[in-house]
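Chemist: I have a structure here, written as structure tokens, and I will follow up with some questions on it.
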Amino acid sequence: MISKLVATVALCLGLSLSPLAAQETYPRHPIRLVVPFPAGGPTDVFARQYAARMSAVLGQPMVVENKPGAAGAIGSTEVARATPDGYTLLFGTASTHGLYNLLSKSPKYDSLKDFAPVAIVGSAPAVVVVHPSGPADLAALVATVRANPGKLQYGSPGTGTFLHLAGELFKTEAGRLDIPHIPYKGSAPAMNDLIGNQVGMVIDTLGTSIAQHRGGKARILAVAAAKRSDLAPDIPTVDEALGTQGFEAGLWNVVAAPKGTPAPELAVLAEATRRVMAEPEVQAQLRRIGIDPVADSSPTKAVAFIERERARFGPVVQAAGVSLD
């Protein structure tokens, strides 16, 4: 099956089939998929679903290994320095590959120069969440902030996290709103303070906040995505709520190999990923946990996407004066 898969991919991408023997036997043993965050979190859950299906398609186990620390930098650095043979991959995020080089003055790696992306595989849209006693909709929230600048505060999982920068992007796009940021050590503490009415607003992901919304303990005002989510079709997008255009902020995931990984191996991984992400069952599982699957990515598209995200958030990081150092 793998030899046919390699041949198909090679023809589609214009790759040479020489030496054929090396390409036909990849993968010859298990592949390590490093998750640079703790076990049990949303990134880890997604990675394990992906790895299970990739194992079936490739005919070799894809083994998940958690290497948390330094907001994902420890595991990412390890993969960047690994032997580029197709047997060590990273399950990265917007934080490790979109923001890290913007936030660190002394980076351990470069998300583009030191990696060969395989594909963008999914995105968890950010949401604006308030206490049930807060504004009824996003337009009302904006009006409240403009009438009382600096009074409303918003919480995020921490300084320099993607959701922190998504909050700063929202403030800018909604008309340079004055909403001070309160950093927490994770999404759960921020949500707890929102439920207790200790903070007025939280920027979270849809998947991690939908239960509180449905339980009446919090109210999601809008989703930062191009369209409404199947998980919560009643919640408008930011564009719908405010009349903006193109406001999107999703905590995306990327599968990446070390730079220098041979093109034939990357091609096999890319085609296998495309097949896995196109499976209806995989897509349904991800949507149930608030992740929008991406089934049409490729190494080239992934590089272009990361470049756009870095360019888009560069001014946001600079304006916010945020640094991880």
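Chemist: Between their Cα atoms, which of K67/K217; K227/K259; K67/K113 are more than 29 Å away from each other?
Modeler: Check vs 29 Å cut-off fails for K67/K217; K227/K259.
Chemist: At 0.36 nm per residue, and after removing the present C-alpha to C-alpha distance, how many nm does the segment from T300 to Q153 gain when stretched out fully?
Modeler: Contour length minus the Cα-Cα distance gives 49.0 nm.
Chemist: Show me, for region 254-267, the HN-Hα J-couplings you get by feeding each phi into the Karplus relation (A = 6.51, B = -1.76, C = 1.60, θ = phi - 60°), rounded to Hz, glycine and proline as x.
Modeler: Result, ordered by residue: 10, 9, 9, 10, x, 4, x, 4, x, 4, x, 5, 4, 5 Hz.
Chemist: So how strong a dipole does region 196-300 carry about its Cα centre when Lys and Arg Cβ are +1 and Asp and Glu Cβ are -1, to the nearest 20 debye?
Modeler: For this selection, approximately 300 debye.
Chemist: Given 4 °C and 1.567 mPa s, compute D for region 16-107 with the Stokes-Einstein relation, Rh being the Kirkwood radius over Cα pairs; round to the nearest whole µm²/s.
Modeler: 91 µm²/s
Chemist: Enter the accessible area per residue of region 19-154 (Å², integer; probe 1.4 Å; all protein chains in place).
Modeler: 39 Å²
Chemist: Another question, then. Convert 10 °C to kelvin, take the viscosity as 1.306 mPa s, use the Kirkwood radius over C-alpha pairs of region 105-244 as Rh, and evaluate the Stokes-Einstein diffusion coefficient in µm²/s, rounded to a whole number.
Modeler: 101 µm²/s
Chemist: Packing-wise, with mean Cβ within 10 Å as the measure, how do 46-56, 131-141 rank, highest first?
Modeler: Top to bottom by mean Cβ count within 10 Å: 46-56, 131-141.
Chemist: Just to check I understand the Karplus step: with θ = phi - 60° and J = 6.51 cos²θ - 1.76 cosθ + 1.60, what whole-Hz values come out for region 190-196, glycine and proline as x?
Modeler: So the Karplus estimates, Gly and Pro as x, are 5, 5, 4, 5, 5, 4, x Hz.
Chemist: Could you tell me how many degrees, from 0 to 90 and to the nearest 10, lie between the Cα long axis of helix 162-173 and the main elongation axis, the longest principal axis, of the Cα atoms of the chain?
Modeler: Taking Cα atoms only, the helix is inclined about 50 degrees.
Chemist: Considering region 178-271, what Rg and Dmax in Å follow from its alpha-carbon atoms?
Modeler: In order Rg, Dmax, the Cα atoms of region 178-271 give 18.0, 54 Å.
Chemist: Quick one: length gained pulling R287 to R275 fully straight, 0.36 nm per residue minus the C-alpha distance?
Modeler: Gain on stretching R287 to R275: 2.6 nm.
Chemist: Treat each spin label as a single point 7 Å out from the Cα along the C-beta direction, and report the K217 to R28 distance in nm.
Modeler: It works out to 5.2 nm between the two label points.
Chemist: Another question about this same structure. May I ask you to derive the FRET efficiency for D137 and L112 from their Cβ-Cβ distance with R0 = 45 Å, giving the value to the nearest 0.05?
Modeler: 0.70
Chemist: In Å, what Rg and Dmax follow from the Cα atoms of region 202-243?
Modeler: Cα-based Rg and Dmax for region 202-243 come out at 9.8, 28 Å.
Chemist: Take the Cα pairs of region 65-157, get the Kirkwood Rh, then feed it into Stokes-Einstein at 10 °C and 1.306 mPa s and tell me D in µm²/s.
Modeler: 96 µm²/s
Chemist: Convex hull over the alpha-carbon atoms of region 131-197: what's its volume per residue in Å³?
Modeler: Hull volume over Cα atoms, normalised by residue count, gives 80 Å³.
Chemist: Now for a separate question. Of all beta bridges DSSP finds with both residues in the chain, what is the antiparallel percent, to the nearest 5?
Modeler: In the chain, approximately 65 percent of DSSP beta bridges are antiparallel ones.
Chemist: Continuing with this model, one more query. Given a Förster distance of 30 Å, report the FRET efficiency between E307 and E240 from their Cβ-Cβ distance, rounded to the nearest 0.05.
Modeler: Between E307 and E240 the formula returns 0.60.
Chemist: Let me ask something additional. Based on the alpha carbons, how large is the Rg to Rh ratio for region 225-323 when Rh follows Kirkwood?
Modeler: My calculation puts Rg/Rh at 1.03.
Chemist: Ranking request for peptides 59-71, 154-166, 289-301: highest mean number of other beta-carbon atoms within 10 Å first, then the rest in descending order.
Modeler: 154-166, 289-301, 59-71
Chemist: Follow-up. Relative contact order for the chain using alpha-carbon pairs under 8 Å, separation at least 6, rounded to a whole percent?
Modeler: Relative contact order comes out at 25 percent.
Chemist: Another question about this same structure. Once every Cα of the chain carries one equal point scatterer and solvent is ignored, give the base-10 log of I(q)/I(0) from the Debye formula at q = 0.15 Å⁻¹, two decimals.
Modeler: Log-scaled intensity ratios, in q order: -1.17.
The values are calculated or read from the model by the stated rules, or taken from the named source; none is laboratory data. Note that this is a predicted model, so its numbers are computed, not measured. Methodologically, a virtual Cβ is constructed for each residue, glycine included, from the backbone with ideal geometry; neighbour enumeration extends over all protein chains shown. Areas reflect the complete protein model, heavy atoms only, side chains present, ligands, DNA and RNA absent. Shrake-Rupley method; radii C 1.70, N 1.55, O 1.52, S 1.80 Å.
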